[in-house]
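Quick notes on the structure that follows.
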Amino acid sequence: MVDAGMKRIGFLSFGHWGPVQGSRTPSAGDALLQGIDLAVAAEELGINGAFFRVHHFARQQASPFPLLAAIAARTSRIEMGTGVIDMRYENPLYMAEEAAATDLISQGRLQLGISRGSPEPALHGARYFGYAPAEGEDDSAMARRHTAVFRHAIAGHGVAEADPSFMGGGRGLLPIQPTSPGLPRRIWWGAGTRKTAVWAAEQGMNLMSSTLLTEDTGVPFDQLQAEQISMFREAWAAAGHGFEPRVSVSRSIIPVVDAEDEHYFGLRAQVENRDQVGMLDGALSRFGKSYVGPPDALAEELAQDAAVQAADTVLVTVPNQLGVEYNVKLLRNIAKYVAPAIGWEAPSA
């Protein structure tokens, strides 16, 4: 097990697949099976988490629970989770059943990242799943409404009126089945701004913050993200939830240790070594830089990253289309050369 005060390292796979030149994941089946194999190998390396992005109408992971359940059945220690599920698309009660079943299979290792979702290929995609904002709602409000129903259900509260003719005359509200004790404390909200991080804290959800913030104040990305984390923790303390929250940040980390790394990522080190600022969904947004280069230099830079230091969990985005073998090597190099600089240690057996 990992000590509560120790840094955790996980990988975050975007789950891309497609028959394109150089891809080692030409099909959806390849992406799914390789995701399982990478999680198993990551556990053997001592990596703490296996997380997957969820994106509809794209060649990525769209329905994560079969994948997460398969990983749970093949592993015994590593956490598995999402980053993030778009709650606009979800039937909250069916999702509560799937999440509880997956968590039971994992024996309490599911870490479920959810949010309003990110820009997507489909125009108003959730409507094709049967979900549209109610009168007076926008997409964000609908996602939060679905989230409230989901969280109410996973906490074991009744949600459906009992049929007296089936229940021997009994009445009352029935909860979904199964339920998994402890899961309500392992829900994370993917927050793109400081304001949504405060809202997540008030709601009692952990904070998941990526390499993108949909706001910009002119300060470096890591400082803006560290401010987001600080505001989250202050709001959490004020809310008095009675347990300590977790906070994750995502980073692109590529130690260049051999010719293969240089071939794939040498140029990237030159063009992505600084923050980027641009418009996204009509908002001025700041994108965090990538950490690409010699391992000792990356270790020093990450040790100075204010948000990495403020978080308890770092999710490393992996180039999943390069296949399991390459990504195992990548994670091994991060674990060996880089992660110790931010306070990580491989968990004891």
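The values are calculated or read from the model by the stated rules, or taken from the named source; none is laboratory data. Given the structure is predicted, the values throughout are model-derived calculations rather than measurements. Using ideal geometry, Cβ is built from the backbone for each residue, glycine included, and neighbour counts are taken over all protein chains shown. Just the protein is used for accessible areas: all its heavy atoms, side chains included, with ligands, DNA and RNA removed. Shrake-Rupley method; radii C 1.70, N 1.55, O 1.52, S 1.80 Å.
Structure data summary
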| item | result |
| --- | --- |
| Packing rank of 24-33, 103-112, 202-211, where each peptide gets the mean count of other beta carbons within 10 Å, highest leading | 202-211, 103-112, 24-33 |
| Extension reserve of the Asp163-Glu135 stretch, reckoned as 0.36 nm per residue once the Cα distance is removed | 7.0 nm |
| Value of relative contact order over the chain, rounded to a whole percent, pairs C-alpha under 8 Å and six or more apart | 21 percent |
| Coordinate range along principal axes, alpha carbons of the chain, Å, largest first | 72, 43, 42 |
| Top positive-direction residue, dipole computed over the stretch 190-320 with Cβ charges, set Tyr291, Ala259, Gln203 | Gln203 |
| Separation in nanometres of the label points that stand 7 Å from Cα toward Cβ, at Leu173 and Ser63 | 2.9 nm |
| Packing rank of 248-255, 123-130, where each peptide gets the mean count of other beta carbons within 10 Å, highest leading | 248-255, 123-130 |
| The stretch 12-97 - percent relative contact order, Cα under 8 Å, separation 6 or more | 30 percent |
| Rounded percent of accessible protein surface that carbon and sulfur make up, the chain, 1.4 Å probe | 54 percent |
| Residue-normalised accessible area of the chain, given per residue in Å² at a 1.4 Å probe | 45 Å² |
| Pairwise FRET efficiency - Asn91 versus Ala259, Cβ, R0 = 45 Å, nearest 0.05 | 0.40 |
| Dipole magnitude (debye, nearest 20) for the stretch 296-341, charges at Cβ of Lys, Arg, Asp, Glu | 240 debye |
| Computed FRET value (nearest 0.05) for Ala148 with Met279, which takes r as the C-beta separation and R₀ as 22 Å | 0.10 |
| Antiparallel DSSP beta bridges within the chain, as percent of all bridges there, nearest 5 | 20 percent |
| Relative packing of 213-223, 47-57, 86-96, 132-142, which averages over residues the other C-beta atoms within 10 Å, highest first | 47-57, 86-96, 213-223, 132-142 |
